[in-house]
Amino acid sequence: LQHLITLEGLSREILQGILDTAEPFAEVAEREVKKVPLLRGKSVFNLFFENSTRTRTTFEIAAKRLSADVINLNINTSSASKGESLLDTVDNLAAMQADMFVVRHASSGAPYLIAQHLAATGREHIHVVNAGDGRHAHPTQGLLDMYTIRHYKKDFTRLTVAVVGDVLHSRVARSQIHALRTLGVPEIRVIAPRTLLPSGVADMGVRVFQDMKEGLKGVDVVMMLRLQNERMQGALLPSPQEYFKYYGLTPDKLRLAKPDAIVMHPGPMNRGIEIDSAVADGSHSVILPQVTFGIAVRMAVMSMLAGS
Ligand code: CP
C-alpha cells in the first residue's frame, strides 16, 4: 500500500492483514511501555479541514506511539483561512519534509486529489491517508469497525449485520459496506427511510429495509449512523421526534436482534435522535471500545504505509 484512500477494491488479504497487524498494537496500547520505533524520524501531518474529535486525536496518539513527529495543522489559524488553496497548502507542507498527510475534507475526493498531485510532481513517496472525505469514504473508520466486529464475533462469515440510518450522506456506511462484503459477511442489511437511501443502494450487495423492526430481526451487529445534518442541503427529512420514533435504536427495538448482539456507532452520537441513551450506554454497546481499537488500527495503517 502507498496510500489509503478507500476500502473499495482492496482485497480480503489486505483488509485481514491490517486487522492482524493491529492486534499486537492493541496489546502495546495496554502495556506500560507504549511506544514502538516504527515511524521514528518520520513526520506525520494531520490536515483536518473538517472538525473531528475521535479520528484526529487517535491518529495523533497512534503516530506518537509509533514514535513519529506529529504536526497538527490548525486550519482555522492557517493560511487556508486567507484563501491559500489545498494544493498550495500541501506543497508548502511537503517542502517541510512531510512523510505522511492524514487528510479530512468536506469535499469527496480531496485526499485522492492530493495523492494525484504528489505523484504528478514526483513526491509519491509521501503517503496520504484519508481521514474522511465528504460522502465518499472513511476507510480507517471502516477498518476499526471491522476490528471491533472481529474482536467480539470472531467469524465474519456467519454474521448478519445491519447498517442503520443516514446512509445517503454517510462516508462511514460506504466504507463499512465495502469492508463487510470483502470480509465475507453473508447478510448485510441497510435500514433507512427512503429519503436517506442513496440511489442504487441495492447494487451495493445489501438487503434494504425501511421498517427498522423488520430489519433488526435476528441481527448479530447493529451499526448505527449519525444523521449528517451538515450535509443535508434541503433533503426531505422527518422531524427529530419522528426519526427517533421510527429509526431511533431503543431497548425495545434492540430486543428484536440476537440476544448477544453488539451495538456500534462511529460517533459523534445524536442521543435521543438516532440512539437512546439506554442503548448507547447499555450492556450491548461497544461504542467506546471502537474508539480505543481505532488507535491500534491507525497504528497498523501508518506502519504498513511508512514503517521501517
Ligand atoms: N467517527 C468519526 O469520524 O468521529 P470524528 O468526527 O470525531 O473524528
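Bear in mind these aren't lab numbers, they're just calculated from the coordinates by the rules spelled out. A quick note: this is a predicted structure, and the numbers were derived from the prediction, not measured. Glycine gets a Cβ as well: all are built from the backbone with ideal geometry, and neighbour counts include every protein chain shown.
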For this session: Specify which of the listed residues (68, 120) is without any contact (Cβ under 8 Å) to a residue 60 or more places away in the chain and away from the ligand (no atom under 16 Å from the Cβ).
Result: 120
Exercise. Within the stretch 225-233, can one find any residue that is within 24 Å of the chain's Cα centre (by Cα), among the basic types (Lys, Arg) and surrounded by fewer than 16 Cβ atoms within 10 Å (Cβ to Cβ)?
Worked result: yes
Exercise. Has the stretch 2-11 got at least one residue that is surrounded by 15 or more Cβ atoms within 10 Å (Cβ to Cβ) and not in a loop (DSSP other than H, G, I, E, B)?
Worked result: yes
Problem set entry | Failed criterion for residue 50 (all others in (1) closer than 30 Å to residue 181 by Cβ; (2) in a loop (DSSP other than H, G, I, E, B); (3) more than 16 Å from the ligand (Cβ to nearest atom) hold) | (3)
Exercise. Within the bounds of the stretch 152-162, is there any residue that is out of contact with any strand residue (DSSP E or B) (no Cβ under 8 Å at 6 or more places or on another chain), within 18 Å of residue 46 (Cα to Cα) and more than 15 Å from the ligand (Cβ to nearest atom)?
Worked result: no
For this session: Return the total of residues in the stretch 260-284 being surrounded by 21 or more Cβ atoms within 10 Å (Cβ to Cβ) and either within 14 Å of the ligand (Cβ to nearest atom) or under 19 Å from the mean Cα position of the chain (by Cα) (or both).
Result: 7
Exercise. Within the group 127, 117, 169, which residue is surrounded by fewer than 21 Cβ atoms within 10 Å (Cβ to Cβ) and touching a helix residue (DSSP H, G or I) at 6+ places or on another chain (Cβ under 7 Å)?
Worked result: 117
